[in-house]
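Since the structure comes first, as structure tokens, the remarks are kept for the end.
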Amino acid sequence: MIMPFLFGTVGAPISTPKKPGGSVGAIQQLASLDLRALELGWVQSVRVSQETCTAIKNEAALSNVAISVHAPYFINLNATAEEWPNSRKRLMDAAHYGNLAGATDIIFHPGSYFKMTPGEVLTIAIPRLRSCVDELRTAGNNVTLRPETMGKNAMLGSIEDVLEMSKAVAGVEPCIDFAHLHARAGDGSMNTLAEWLDVLNIYETFLGSDALGRLHIHMSGIEYSDKGEKNHLPLVESDFDLNALFNALYQKGCAGRILCESPAMEEDALLMQAKWSEWFR
């Protein structure tokens, strides 16, 4: 049976050999583990040559591994007018070189509220995103830009935030980090079947049932306080109820990619893949 989700890691697996190493080695290692997705971790900056991008694209095609990119952390859709051009360049560079490397999706942290209301921030963020997508499409670049749900409640990135952006701009869809949503609540909630079904139903209402078939998910264990996320954890060290989440995804007929951000990396990716396969026995 073809599995509805591809599993993999954000960044190279810990077990990636030193040779050939790099992203090509990461792709080969994932394929050897029967994991079929890699999110390139360009989180500090985008410093990659066209030659390297071509090598990544070719190896991914050969190994049947789907590629996405995590853009630099230092992107803020709510940046000041003076700071926005630098944020925009980071996002656009990730999209340009990611496309050359065969990536279909560009994940990024959308920024901070800076003590503004979500509504006020979205009036700034949405036109900026629309301009980015327009430029990419003019250049023939069809990547999907994916603002990620964030784990701290002071950050732009609630489920409502990313859905509003996605509904407003074609070519933008969320990256849902369910561990972040659990941590963002800060009180142990957002961790039950009913709560995850509510999230997926809201997602479907905003973007349509087809969008549930192309989800891009980040997952890990997580430590949090009443202010939200503190650290990512291995799944076994976290209170996150993975079975409840997978039950909800199964009930809603979801599909797409699940990328592991746990410190355990491929170990937890394999654990998630095994748990997900249990729903299809």
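Could you count how many residues in region 42-54 are of a type outside the set (Phe, Trp, Tyr) and either in a loop (DSSP other than H, G, I, E, B) or closer than 22 Å to Arg257 by Cα (or both)?
Residues meeting the conditions: 8.
Quick one: count up the residues across region 18-41 that are part of a loop (DSSP other than H, G, I, E, B) and either modelled with pLDDT of 95 or more or of a type in the set (Gly, Ala, Ser) (or both).
Residues flagged as part of a loop (DSSP other than H, G, I, E, B) and either modelled with pLDDT of 95 or more or of a type in the set (Gly, Ala, Ser) (or both) within region 18-41 amount to 5.
Residues Leu122, Leu145: which one is outside any loop (DSSP other than H, G, I, E, B), in contact with a helix residue (DSSP H, G or I) (Cβ under 8 Å, 6 or more places away or on another chain) and surrounded by 22 or more Cβ atoms within 10 Å (Cβ to Cβ)?
Leu145
Under 9 Å by Cβ, and 6 or more places apart or on different chains, what pairs join a residue from region 135-164 that is on the phi > 0 side of the Ramachandran plot with one that is among the acidic types (Asp, Glu)?
From residues that are on the phi > 0 side of the Ramachandran plot, the pairs are Gly157/Glu148; Gly157/Asp177.
Find the residue count for region 256-281, including only residues that are surrounded by 15 or more Cβ atoms within 10 Å (Cβ to Cβ), in a loop (DSSP other than H, G, I, E, B) and on the phi < 0 side of the Ramachandran plot.
4
Report the residue count in region 59-76 for those that are in contact (Cβ under 8 Å) with a residue 12 or more places away in the chain, touching a helix residue (DSSP H, G or I) at 6+ places or on another chain (Cβ under 9 Å) and assigned to a helix (DSSP H, G or I).
3
Can you tell me how many residues within region 237-262 are free of Cβ contacts under 8 Å to residues at least 60 places away in the same chain and in contact with a His (Cβ under 7 Å, 6 or more places away or on another chain)?
Number of matching residues: 1.
Take region 229-239 and flag every residue that is within 15 Å of Asn191 (Cα to Cα) and under 18 Å from the mean Cα position of the chain (by Cα).
Within region 229-239, Glu229, Leu235 qualify.
Restricting attention to region 100-119, report how many residues are buried (at least 20 other Cβ atoms within 10 Å of the Cβ) and in a strand (DSSP E or B).
Matching residues across region 100-119 total 4.
Mind checking which residues of region 193-222 are on the phi < 0 side of the Ramachandran plot and loosely packed, with under 15 Cβ neighbours inside 10 Å?
Listed by number, the residues that qualify are Ala194, Asp198, Asn201, Ile202, Thr205, Ser209, Asp210, Gly213.
So, in region 241-281, exactly how many residues are under 24 Å from Gly188 (Cα atoms), of a type outside the set (Phe, Trp, Tyr) and within 19 Å of the chain's Cα centre (by Cα)?
Count: 16.
Six or more apart or on different chains, Cβ under 6 Å: which pairs go from a residue in region 96-112 that's of a type in the set (Val, Ile, Thr) to one that's part of a loop (DSSP other than H, G, I, E, B)? Could you list them?
These pairs meet every condition: Ile106/Ala71; Ile106/Val143.
Of the numbered conditions (1) touching a strand residue (DSSP E or B) at 6+ places or on another chain (Cβ under 7 Å); (2) closer than 25 Å to Met265 by Cα, Asn78 satisfies every one except a single condition; which is it?
Only one criterion is unmet by Asn78, namely (2).
The values are calculated or read from the model by the stated rules, or taken from the named source; none is laboratory data. Note that the coordinates shown come from a computational prediction; the quantities given were computed from them, not determined experimentally. Neighbour counts are summed over all protein chains in view; Cβ atoms, including those assigned to glycine, are modelled from backbone coordinates with ideal geometry.
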